[in-house]
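Notes follow once the structure below has been shown.
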Amino acid sequence: MKKLRWIMMGLIVLFVMRGALAQGSSSSDDEKIMLTSSDINGIEQDKKGKVLLSDFLLTLENHFDVTFLYKDQVMMDKYVQKDFIRIDEKTGQELSEILKQLGITFQRIDKQTYVLLAKTKPEQPEKNQEDIGGTVTDAQSGETLPGVNILVKGTSTGASTDANGEFELTVPSLQDTLIVTYIGYQKQEVPINGQDELDIQLSPQAIMGEEMVIVGYGEARAENITGSIETLDVEQIDSRPATNVSSLLQGQIPGVNVTQATGLPGQEEASILIRGLGTMNDSQPMVVVDGIESSIDNVNPNDIASISVLKDAASAAIYGTRAANGVILITTKRGREGSPQISYKTYGGWQQPTGTPDFLESADYARLLNEANENEGISPRYTEEEIRLFETGEEPFNYPNVDWYNSLLKSSAFTQDHNLRVSGGNKASTYSISLGYNDQNGLLANTKNERYNMRANLDSQVNDWLDVGLNLSFAENHNTMPTAPYAGGGIGTFFAQMARIPPTTLDKFEDGTWARHIDGNPKAWLKEGGTDSRKTEEILGTFFLEADLSKSISFEGSLAIDYSTFDRKRQIYDFEYGDGTYQGPNSLEEFLNRDRDYDSQAIINFNTGFNSHSISGLLGTSYRNETTKYTSAYRRNLPSNRLSALNAGSTEGMSNNGYDSETKLSSFFGRVNYDFDSKYFIESNLRIDGSSKFAPDNRWGIFPSVSAGWLINKENFMQDIEWINFLRLRASWGRLGNHRISNYQYLPLISLGQNYPFGGAIQSGAAQLIADNPDISWEVTTETNLGVDMEFFQSQLAVSLNYYDRFTDDILTNVPVSEVFGLPAPIVNAGAMSNKGIEIELEHFSSVDDFQYDISFNTSFNRNVVENYDNPSVGDTFIRVEGEPWNSFYGYEWIGYFMSDEEAENSPVHHPNVGAGDLKFKDQNGDGEINADDRVVLGNTIPEITFGLNLGLNYKSVDFSAFFQGADRVNKRLGQGWGGQWPFQNAGKAQSMHLDRMIVEDGQVVEEGYFPRTLVDNHHNEDPLSSFQVHDAAYVRLKNLQLGYTLPVSWTEGINISNVRFYFSGQNLLTFTRDFPGNFDPEAADGRSAYYPQVEIYTFGMEIDF
């Protein structure tokens, strides 16, 4: 691994050295607005025949119903010679000449409004300074642009273009870079590259019409898109502190549901669903980074240049079998021609829980436990004197009051992030090299995660027809957690015990030695128990070339190698408690996983056209080989906790395991795009995949798609409707496959180590443990999508709507078999599932003087239904049957409480011990009994509605942003385990919310509350799942809030810094729910307290560009 790392670093140095050695006004302003002699003579003049410029402009305003905006300083002492004002010419052009002589430029910002600006005078040339000039035009129309701001990067030196779009400027060096900005146009950085005359073209800004969008194996103009493709505004999220890319997607794109269930450092990778749950198996989307399938978790968010999400089958069909659940396309930042640009971003801050359970202290716990005993006819556990001693704390070692949860969980933990990027180049070569470091400390002691990232993107133009490049990335992650002294005991075991052990249990004896609960002591585990360390490394290298074979044909080829390792060492220590009991034995377990993937691609691109017809497309082939090697070993009874070598342990009880696995995927694909008159578009894709996961007769699958679009706003009948700037209809249909199953399912798998006794000794044996099925084949997803995209009011308001219908058939699942079969059921193509939904997206931006704002909102509705399932499953909590969403909550409908024992005796009940103060369930079928037949679907585990709201404000050097995200029509269960819905389970404790309960005396409820009466041994209220436990988990969360300030350039130009920005950011600041109980997080995987909590994060950050 180290050798490979040094080889890659050497390649970077050689590539950069090679590059260093090779280096070196609109027509509307000319409207025919005429002045007459009487108009001119009516202006007051002085003795010399001069008129005030402000009076002259006032005359123009009155005569032509226009408005001029300017600061008083611009008009101060400005006069116009009356004789110079000529008539019978285009007054717009004449005005430009007059203002130019006075050092003033004007810019038209709408049909009747102009802004007048004092022209920036070039600084006096100093030694070695150079004079340059040029023209700025609209890249589409070719018209000149007046009033464009031009700034020398890293200085305060600048100028504005005149009415003819021309400018003159003195620059320190002909190797500097110009920053060119203009309202309504995209910001552009222009390297001077030794030129003294520049022709600069600016592209208009557009929400969806003009920009380029990354698509499968290429890019396309946004207005030509016919499928459902969403592009994430990277600039909008670029400054958000984030440890992973998946968190940046949450709430940003309609139809993309991101669930981050924990705040545990290094384990925050989220579940991503695109348009619902697509299969009963792996429903995660395919992720492609710079053209190569990769892991989203190893991408540094600061390296990202663009993110596109292919949501419908037509857009994703080019990726075939891996794209049934959608595709996320990520491109990373590349270098640009010009002098080296250095960027440094950093933040530091702290994180704290979004909420923690409020457990009862010892005295209240003892009182409530006594009440629970009395409700079951058991003598009270604690006397009044003991309760008094708990409350006063007079004898803390005999009558303790231990807050197990909050004493183990830190109130805050530090986090920091640093990123450095250097980029630049010349016409021959460009480079972008970045380094990243992220450090998170956990809220639990000995919990920590560190991540290191390196990326180098290198591009070189060999000649005028051949370009080559190299992408290298390296990611290393170190994760450390404490271990619990149980087989498989992880971080969840700590929180389970923290939520279970009563406050009346002592943590340490008076002499400082550890006390012990029945299951141990999590405080002792943290100090003495051991560590679980995990290290992952990934090196991904891609060599690519692009060759122009002719004007209409080009070739692209790439070869990628992705090598990753996962190394885990889990060590459990032994130690002694203060009462002499032993925690042990110690043990050591090691895991090593090595993955090596090869990916090769060859693509021919073509384009041609005639008259109003344009045809383009591609033909390609790819091959991917994935190999995995896994090894694990275990030993216990090591001589010392300090020894971490497996051979030091005892051979008794030792184990070792391992396997090798290989998968191959061979593909052929093509795409054809047809465009008529830039108004009518058709796209067709075809992918043929062959996968080694299936038997030879079922190995190949064919996956086609077709889509069409109509750009209505370009029709002649739309030209007079000025308030509609963009209007497009889209329709698509496509078919995709899915082969995300375990390898070799079609083969009879023989397991070794199935030893057996024979002849008085243990003999080595082997056996088939799982039934094979050579007939399994692809899961097939068919999807139809209809969409409309609109822009109004000079593209300041955009609306996008989508409707989709997705059906997945031949889902691979197990079916019931007879017990006499002798093996577990084989996997077969026997399931079907549908997802139907609507997506809505709105965006608006505008500006008033120095104030700009933008606001965007997106929402989606998705309904998931199991259409066919030959293995229906009805468990104690979930149901998997046809006609319902997958994994729906299933249980009894809670309708109130029994107010007396007599009422319970005369009503259908689910348990013989039900009495006053207990839950009452509905008899659904009216048979006078409460049993399994009365259970109903109680809610969804996956939200049917998701939404996000972004707000951005800018005023001069101050910026503000807020991001809200939420979900609806989703349910969560407050778990039956420790720290959840019920007190005293498994000798556990209680929370303050449990005090709001039904109080019963003599078989009658005397005081009503939310919770049923408290019980100790009888669990008939909680054992059957009911709607009392399943809560509405709809929420709205302030995911991120940020306030930033950018220093004026004049403050930093003397130290060669072009930009400095400071900001404060908060994450997960506020959460609003309907009736979800407090101190429980609606995003958590389970509604219990036995999980690592979600976190609020507060950070201060800085961004510097050199």
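Readers should treat all values here as calculations from the given coordinates under stated rules, not as data from a laboratory. Everything numeric here is computed off the predicted structure, so don't read it as measured data. In this analysis, Cβ positions are derived from the backbone assuming ideal geometry, glycine residues included, and neighbour counts consider all displayed protein chains.
Odds and ends about this structure:
- For the chain, with +1 on Lys and Arg beta carbons and -1 on Asp and Glu, the positive-most of 684, 950, 645 along the dipole: 645
- Backbone geometry of segment 646-661 corresponds, through the Karplus equation with coefficients 6.51, -1.76 and 1.60 at θ = phi - 60°, to 3J(HN,Hα) couplings of 4, 5, 7, x, 6, 7, 5, x, 6, 8, 8, 9, x, 7, 10, 8 Hz, x marking Gly and Pro.
- Going from the residue with the fewest nearby Cβ atoms within 10 Å to the one with the most, 187, 311 rank 187, 311.
- Calculated from backbone phi, Karplus (6.51, -1.76, 1.60) coupling profile of segment 169-181 in Hz, x at Gly/Pro: 7, 9, 10, x, 7, 6, 9, 6, 10, 9, 9, 10, 9
- In straight-distance terms, cross-link reach from residue 551 covers every one of the aspartates and glutamates whose alpha-carbon lies under 19 Å from its own, apart from those fewer than eight places away in the same chain; here that gives 219, 464, 467, 675.
- For the chain: rounded, prolate or oblate by the Cα gyration tensor [a/c cutoff 1.5]: prolate
- For the pair segment 498-514 / segment 1044-1075, the C-alpha centres are spaced 45 Å from each other.
- Among beta bridges that DSSP assigns inside segment 130-202, antiparallel share in %, nearest 5: 75 percent
- Whether segment 352-488 is rounded, prolate or oblate, judged on the alpha carbon gyration tensor where a/c under 1.5 counts as rounded: prolate
- Approximating the spin labels as points 7 Å out from Cα along Cα→Cβ, the residue 845-to-residue 418 distance works out to 3.3 nm.
- Each of 230, 1096 was scored by other Cβ atoms within 10 Å of its Cβ. Listed from fewest to most, they are 1096, 230.
- Looking at the chain, the DSSP beta bridges with both ends there are about 95 percent antiparallel.
- For the peptides 376-383, 736-743, 756-763, 1027-1034, the ranking by packing is 1027-1034, 736-743, 376-383, 756-763, with the highest mean count of neighbouring Cβ atoms within 10 Å listed first.
- Bins of 5 Å from zero: percent of alpha-carbon pairs in segment 130-202: 4, 18, 32, 27, 14, 4, 0
- Exceedance of the 21 Å cut-off in Cα-Cα distance is limited, within the set 523/972; 448/972; 448/527; 153/345; 629/664, to 523/972; 448/972.
- Legend: ranking of residues 200, 518, 712, 253 from fewest to most surrounding C-beta atoms inside 10 Å; resulting order 518, 712, 200, 253.
- Between segment 1007-1041 and segment 382-405, the Cα center-to-center distance that results, in Å: 29 Å
- Whole-Hz Karplus values for segment 397-408 come out as 8, 9, 10, x, 9, 9, 8, 4, 6, 6, 6, 8 Hz, taken residue by residue from phi with 6.51 cos²θ - 1.76 cosθ + 1.60 and θ = phi - 60°; glycine and proline positions read x.
- Close amide-amide hydrogen proximity is noted between residue 173 and 130, each under 5 Å apart and 5 or more residues distant or on a separate chain (H modeled in the peptide plane; Pro and chain starts excluded).
- Separation of segment 762-839 and segment 306-338, taken as the distance between their Cα centroids, equals 21 angstrom.
- Packing-based order for 583-596, 428-441, 718-731, using average beta carbon neighbours within 10 Å, highest first: 428-441, 583-596, 718-731
- Computed extension length for residue 751-residue 953: 66.5 nm, one decimal, from 0.36 nm per residue of separation with the Cα-Cα distance subtracted.
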